[in-house]
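Here the structure is laid out as structure tokens; the discussion comes afterwards.
The values are calculated or read from the model by the stated rules, or taken from the named source; none is laboratory data. Computed from a predicted model, the values in this text were never measured in an experiment. Quick reminder, even Gly has a Cβ in these numbers, built from the backbone with ideal geometry, and neighbours come from all protein chains shown. To get the accessible areas, we keep the full protein, side chains included, count just its heavy atoms, and leave off ligands, DNA and RNA. Shrake-Rupley method; radii C 1.70, N 1.55, O 1.52, S 1.80 Å.
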Amino acid sequence: MARRDLIAALVLLGFTAGFGLLTLRLPDRGLPNTPGPAFFPGLITLALGILTIALLVRSLRGIAVEPAVLPGAVATRGWIAIGAFVVYLIVMPALGFLFASVPFFAVLTWVYGERRLAVVTLTSIAVPVALLVIFRSGFQILLPSGIGW
Amino acid sequence: MGDFLMAGFSQATAPSSLIATAIGSILGIVVGMIPGMTISTGIIIVLPLTFVLDPGISIALLLGLYVGGMLGGSFAAIMLNIPGTPSAAATAVDGHPLVERGEAGRALGVAVIASFIGGLFSCLCLLLIAPRLADVALGFRAPDLFSLVLLGLTVICSFAAKSWIKGLLAAAIGLAIVTVGQDPVMGTARFTFGSTDLMSGVNFLTALIGLFAIPQLIGNLASTETGTRVLRTTARFGRVLPKLSDLRRMRVPVAIGSVVGTFLGVLPGAGGPIAAFLSYDYAQKATKNPPEPFGSGAIEGIAAPESANNAVTGGALVPMMTLGIPGDPVTAILVGALLVHGLAPGPLLFIERPDFAYGVIVSFFWANIFNLLIALAGLRLLIKLIALPRTILMPAIAILCVVGAYSLRNSVFDIYVMLFFGVLGLAMRWLDMPVVPLLLALVLGGQLEEHMRVALTGSQGDYSVFFTSPFSAVFLSLAAISVVWSVISSRRTAGGAP
């Protein structure tokens, strides 16, 4: 049995069922004998269903070759990076681009293997400030301001 | 055509456009040659700028990056034996042995000249083919357009996926995501859950940033390779400009690569890697008794794939410009970038904005010229940039992704959408599911539904309209062949795994 494909097939079966249900609830606003707003999503539900069942059958037959997994230490750093990303996005509207980006940059620099404190500190301040100046002053692109810049 | 070409020339040769092309070319070379970075990442970095720039300048910047990225990928392949882009893998076979012999300059010089000729040839083909193909495409009606878009999707799925089930599933997921928002014909809200942010649907560029950049940032954690190795070899760089004898040896392989690359570039999904390896194979067969055997530093083995992978760029612009069908992720991004400015690539572009359409072709020409000049003049300096520290580069790209997603509509919601697609991209990578079909479904899905519903409305729900039109029938047949072909080849290569 191909474990990952089985998990994917089960998740997709759930998604297909939900998508199909929501499609059935769409209003039928169309001219007679012409497809309405639910027509195309209906076709996609059908395609998703057929392909998901094919993936499920294949995974149960154990045909698939499982792709390589990231080494443990790398996977841990990957989770830290994703976690930092989530926290960054949550706090940015409140803190603003600059105040949120500095600690985020510092965490990522560390995750990518930089251990010199001076380099981490310097770059995590310099790069977000530079980006802020370039985008806000140079290209007039507004960035979330929050409590700061 | 002459007047439009002149108008396009004026637009693309304005100082601002030329500067943008040159900057794009430099960025492309740098991004392409840093292992772990792709042309798509480079485009994501400059994407926020394109929202505020004039469309002509934006496209000049992006084309410079596209063309430069192809060449930059080869620099890494030659110097480090790590292809910066998949298209450069074939170049490493003969390029790196020359570096080990202390002839790095010779290998890079041949790559630069071959890329230039390949790019220029494809530019000429683009100029000659695109307007004519656009004329033909103007005659397409809704059923033909639906079948054409469907063909584009199936061809891409069959090439992009190791497993046809996963390729088609990725495309189906993309099509499901496209249905979020108002439907394209009646304007009915679908799957919005009462959110006003979702009324206009999921922005393609936001999804793209998440799908490509976040998995790449995480994937790069696994790579410990740095560019420091290259510094040892730059000490013995040697002559960069190819000698006359080398230029003579390049003639046939470059001709092969240019033709193969342009032809395969036109086909959606075929792309640079196939063109490069196919040209390498043809060049090997066409070269009798080379001074250096193939695989150990043959000039012909660098020239053929290099001209091919740069010729692919011009070829890929043909279906993008004339039919609105992107052939690879980069041209898909170009489509998205043009849509932001209200310019829809397709046959009407040549009618409604011929100055812009021809301007794109001229910008592509300039991109190749700048590529040559910048690469030859700054080769020694550019090579040193391979050693840029990843520890700073990757966090900076992460922040640029956020800026890119936010600046599209000044919306924090779009950043969350980007993160969602980033997680989706990671999950797909974990499942070995290709993201390219999903990406292209996001680009093409809206058109697919619109053309289908317009066709069926016109025929009062009669499905035979898709088979009675000759164009549509041909496109549908090709789509069916493409799916069957991918099923057969998947069974052959994976020992029966569908």
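Table: residues versus (1) touching a strand residue (DSSP E or B) at 6+ places or on another chain (Cβ under 7 Å); (2) hydrophobic (A, V, I, L, M, F, W, C); (3) surrounded by 13 or more Cβ atoms within 10 Å (Cβ to Cβ).
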residue	(1), (2), (3)
A:Ala84	no, yes, yes
A:Tyr88	no, no, yes
A:Val127	no, yes, yes
A:Gln140	no, no, no
Query raised in the report: What is the one condition in (1) more than 9 Å from chain A (Cβ to nearest Cβ); (2) more than 28 Å from B:Ala77 (Cβ to Cβ) that B:Asp462 does not satisfy?
Result: (1)
Query raised in the report: Filtering the range B:366-392 down to residues that are among the β-branched types (Val, Ile, Thr) and more than 30 Å from B:Ala311 (Cα to Cα), which residue is most open to solvent (accessible area, probe 1.4 Å)?
Result: B:Ile392
Query raised in the report: Where residues in the range A:13-38 are assigned to a helix (DSSP H, G or I) and within 7 Å of chain B (Cβ to nearest Cβ), which of them is farthest from B:Leu150 (Cα to Cα)?
Result: A:Leu22
Query raised in the report: Residues in the range A:62-72: is at least one more than 9 Å from chain B (Cβ to nearest Cβ), modelled with pLDDT of 70 or more, open to solvent by 20 Å² or more (accessible area, probe 1.4 Å) and on the phi < 0 side of the Ramachandran plot?
Result: no
Query raised in the report: Here are B:Leu53, B:Leu18, B:Leu47: which of them is open to solvent by less than 20 Å² (accessible area, probe 1.4 Å) and more than 24 Å from B:Lys384 (Cβ to Cβ)?
Result: B:Leu47
Query raised in the report: Within the group B:Ile23, B:Ile59, B:Ile44, B:Ile34, which residue is over 22 Å from B:Leu205 (Cα atoms) and among the hydrophobic types (A, V, I, L, M, F, W, C)?
Result: B:Ile34
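Take the residues in the range A:112-148 that are facing chain B (nearest Cβ under 7 Å) and in a helix (DSSP H, G or I); name whichever of them is farthest from B:Tyr416 (Cα to Cα). Give the derivation first.
Here is the first cut: in the range A:112-148, the ones facing chain B (nearest Cβ under 7 Å) are A:112-114, A:123, A:127-128, A:131, A:135, A:139-144.
So of that shortlist, the ones also in a helix (DSSP H, G or I) come out as A:123, A:127-128, A:131, A:135.
On the way: A:Thr123: 26, A:Val127: 23, A:Pro128: 20, A:Leu131: 20, A:Phe135: 20 Å.
Only one residue fits best here, namely A:Thr123.
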Query raised in the report: Since A:Ala8 meets every condition but one in (1) exposed (fewer than 14 other Cβ atoms within 10 Å of the Cβ); (2) more than 22 Å from B:Asp183 (Cβ to Cβ); (3) within 7 Å of another protein chain (Cβ to nearest Cβ), which condition does it not meet?
Result: (1)
Report task. Hey, can you tell me all the residues within the range B:361-390 that are within 19 Å of B:Ile44 (Cα to Cα) and either within 14 Å of chain A (Cβ to nearest Cβ) or modelled with pLDDT under 85 (or both)? Result -> B:Leu388, B:Arg390
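Taking only the range A:106-125 into account, find how many residues are within 25 Å of the chain's Cα centre (by Cα) and open to solvent by less than 20 Å² (accessible area, probe 1.4 Å).
As a first pass, look at the range A:106-125 and keep what is within 25 Å of the chain's Cα centre (by Cα): A:106-113, A:124.
Still in the running and open to solvent by less than 20 Å² (accessible area, probe 1.4 Å): A:108-109, A:111, A:124.
Residues that pass the stated criteria total 4.
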Query raised in the report: Can you find even one residue in the range B:234-242 that is buried (at least 17 other Cβ atoms within 10 Å of the Cβ) and modelled with pLDDT under 75?
Result: yes
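How many residues are outside any loop (DSSP other than H, G, I, E, B), aliphatic (A, V, I, L, M) and at pLDDT 85 or above if we restrict to the range B:183-210?
Here is the first cut: in the range B:183-210, the residues outside any loop (DSSP other than H, G, I, E, B) are B:189-190, B:204-210.
If we keep only those that are aliphatic (A, V, I, L, M) as well, we get B:189, B:205, B:207-209.
Imposing the further condition that a residue be at pLDDT 85 or above reduces the set to B:189, B:207.
Of the residues in that region, 2 qualify.
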Query raised in the report: Does B:Pro395 qualify as being more than 21 Å from the chain's Cα centre (by Cα) and surrounded by fewer than 18 Cβ atoms within 10 Å (Cβ to Cβ)?
Result: no
Query raised in the report: Is there a residue being part of a helix (DSSP H, G or I), surrounded by fewer than 20 Cβ atoms within 10 Å (Cβ to Cβ), aromatic (Phe, Trp, Tyr) and facing chain B (nearest Cβ under 9 Å) anywhere in the range A:93-105?
Result: no
